[in-house]
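Computed from the coordinates by the stated procedures, all read-outs in this text should not be read as laboratory data. Note that the structure is a prediction, hence the values are computed from the model and not measured. When we count neighbours, we look across all protein chains shown, and the Cβ atoms used for this are built from the backbone with ideal geometry, even at glycine.
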Amino acid sequence: MLARLAARQLRSHPWQLGLAILGIALGVAVAVSIDLANGSALRAFGLATEAVSGRATHQILGGPSGLPDDLYRRLRVDVGARRTAPIVEGDVALWGRGGRSLHLLGIDPFVDNDFRPYLSSSDRRESRARDALSRAADLVGRSGTALIAVSTARELGIEIGRDLAIEVSGRPRTLTLVGLLRPADPASARALDGLLVTDIATAQETLGAVGRLTRIDLIVGDDAPGRALLARIGQALPAGTDLVTAGSQAGATARMILAFQWNLAALSLLALVVGMFLIYQTMTFSVVQRRPLIGSLRALGVTRGEIFALVMSEALVIGVVGTVLGVGLGFGMAQGLLRLVTRTINDLYFVLSVREVVLDPLTLAKSVLLGIGATALAALPPALEATAAPPRVVMSRASLESSARRRAHRAGWLGLLVLAAGGIVLAVPAGIVVGFVGLLVLMVGCALVTPAAALGLLRPLHRVAGAAFGLLGRLATRSIVAALSRTSVAMAALMIAVAAAIGVGVMIASFREAVTAWLEGTLRADVYISAPSLVGSRPDATLDPELVARLAATPGVARASTSRGVVVQSPRGPAQVVALDVDPSRPPRWRFRSGGDAGVWDGDAVIVSEPFANRHGVRASVRLSTDHGERDFRVAGVFYDYGSSAGVVVMSRRTYDGAWNDRRISGLALEAAPGVDVNALVAAVRERAAGGPRLLVRSNRALREASMEIFDRTFAITGVLRTLSLVVAFVGMLAALMSLSLERAREIGVLRALGLTPRQVWGLVTAQTGVIGLLAGVLAVPSGLLLAGVLVFVINRRSFGWTMSIDPSPSILLQGVALSLLAALLAGLYPAWRMATASPADSLRDE
């Protein structure tokens, strides 16, 4: 009988049921889509790393110029390290294919089978399976040949025997495909997607590294003979080389990518939290609406346990249906979000090619648990409320609202305590996870304070509304208090979503302001020239020195300076080093957190960026592996930098040339002579560079615009998640107002019978929803500023290592209030129309 009652209740209010299901479905969908996109991107990163590392246990790395060819021979012949494999690798772009990239891996096919056995299976037209010797003959016997994965060949529409046009540092190259890689293992097949395999000589010639190796892979057993071999290898290595465990560099990059994805995951959970408010609100209204029925059932002998099971079973039905829909919707959304996640990773960290979302059973299980668990958690308070009071009190509406006001004040004091607890959690100097826990606690505290704060703001609003609009104005404001058991939850959910929009907006605006000031201090020249790079924050491509000299001599150039960006080893992992050929009288105008640049441009000191100092614990000096062995560089200062979350060490070109045998150039900066038009100088440089490799020649202004474009792309996914959270909050407001329209039908009927016109009813309901939106927006301002402070000073610092000042733009705060007001007014359109057009006789008729 109770089950039939529950089913009849759900069927009689389809809008209420549908909005509740939609709310939990949207919340689950956002969390699922981000989890799937993050998981697919990380899985692709791991597979790409596995494809190039294979079964290697250790790697020998060199400096910026790599390793000499002869070192490999000495290790095998003199030291006796038989299980070694030379590697030359780099990223290349596909010519004319809009930024599509491949990872070129140069190997010695005669020795590589132990390291990467999945590379030994290749196809040709005349044979499905070929042995390693024939494959090696294909690559070694003909110059400019390559193997490619069958999935990549199918995507590019290329066949065996055809030429593949690629681009390296702006120069076109051509490779001929002589075979397809088709491993039997599906995981290996995915790992090989986007991989281009050549022999060592072809890779050296293609990448401009003749006579040099990127690294040497080793397989060494974890036993006494293996440890002895590692000791002999370490003694035989020349200065400037490092013996590291396999995957250490990839591990450092993976940690940075994971920090970025943690931020996305936290933002996605915000939508689920707002969805929980919606479920709580729906179940609360369901209980309130049936209080007379529940009281009658209790009086007839139905036990508290049966009432509790009735409410919770309804919630679980909603949770299961919403979760199933959310998982399906989340998979569809993940396809679009994956492109945004991958693009950001490519801009900041690593060249990554991901084309499909991989369904992870663990992710799906977590999503089901998250959706149903959130529903059960949100429905628990209404279920306990339905069973706690005696039947006589349950049947009284006045007791409900008076207890709601008492609970609002108690919740306000509890919220203040929760806010204090959140501050204590954030003060703990721990990792990013603890930071997000503290942020969640603060958001819960703000939500608990909202009803009491709204009651405080409504007191002066009563008088203002009465003076401005008379009786209807007082009715609009007092009806919010009279229905506080429903309006408070909707207000808190909308406040949280708008506060998140304000907080993230202020954080992004502050970040943009800091980046703009940083670019103004960093970009001192008028024209900047570089070869195309596949990773926006890593200048890995180089320029021809003869071309640099020719461009520096362009008429109209007053000064020319060069830069070199490389990644070197340090005791704490890979470190990015930038060497600048700077005039000591005109250094960059960087802002320093501590120290300065004295002794850098005319001495041997270095400066480090704030992220580098935070990640590596740098104080007085930094130790780097140079071509002459490890060396300590004195740190003159720590400067604010927003170009790389990994951090960077900056030194003069003279200091760099003394430490590394690398004379290559990554970029060229030109200053125009007085009276020379910058645009004319850019045109002259491009004309002088015509016929050579493709170059990026940009003015100071154009480079700033390109940098800000990357900045905007980085935060595009943040804006998407913020919008989705607002959509969930909008659904919550609509559900609350629809519920109120059903419950207030008799009240509106009385008002219509007393003479109110449909237009006045419309104005009354619209005014009520507008006040709710205005209150939520006003309360979201301090909550949003608190959220922005945590994001700037705690989350960003722990995730990426940089700090900045907060820029609480008044326009963002006003936009937040306007957004809240607009969302409430739009959500109230249909309920207002429904109440205004309802028949008074039908509303007043007893059941």
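For the peptides 496-508, 541-553, 606-618, residues were scored by their other Cβ atoms within 10 Å and the scores averaged per peptide; the highest-first order is 496-508, 606-618, 541-553. Dimensions of the range 190-250 based on its C-alpha atoms, expressed as ranges along the principal axes with the largest first, amount to 39, 32, 19 Å.
Over the range 784-824, all Cα pairs binned in 5 Å intervals from 0 give whole-percent P(r) values of 6, 22, 21, 18, 14, 11, 6, 1, listed from short to long.
Peptide packing: for 825-835, 164-174, the average count of neighbouring Cβ atoms within 10 Å per residue gives the ranking 825-835, 164-174, highest mean first. Across the range 567-714, the volume of the C-alpha convex hull divided among the residues equals 144 Å³ per residue.
Packing-based ranking of 199-212, 445-458 yields 445-458, 199-212, ordered from highest to lowest mean Cβ neighbour count within 10 Å. Each principal axis of the range 630-681 carries a Cα extent, and these read 46, 28, 19 Å when sorted largest first.
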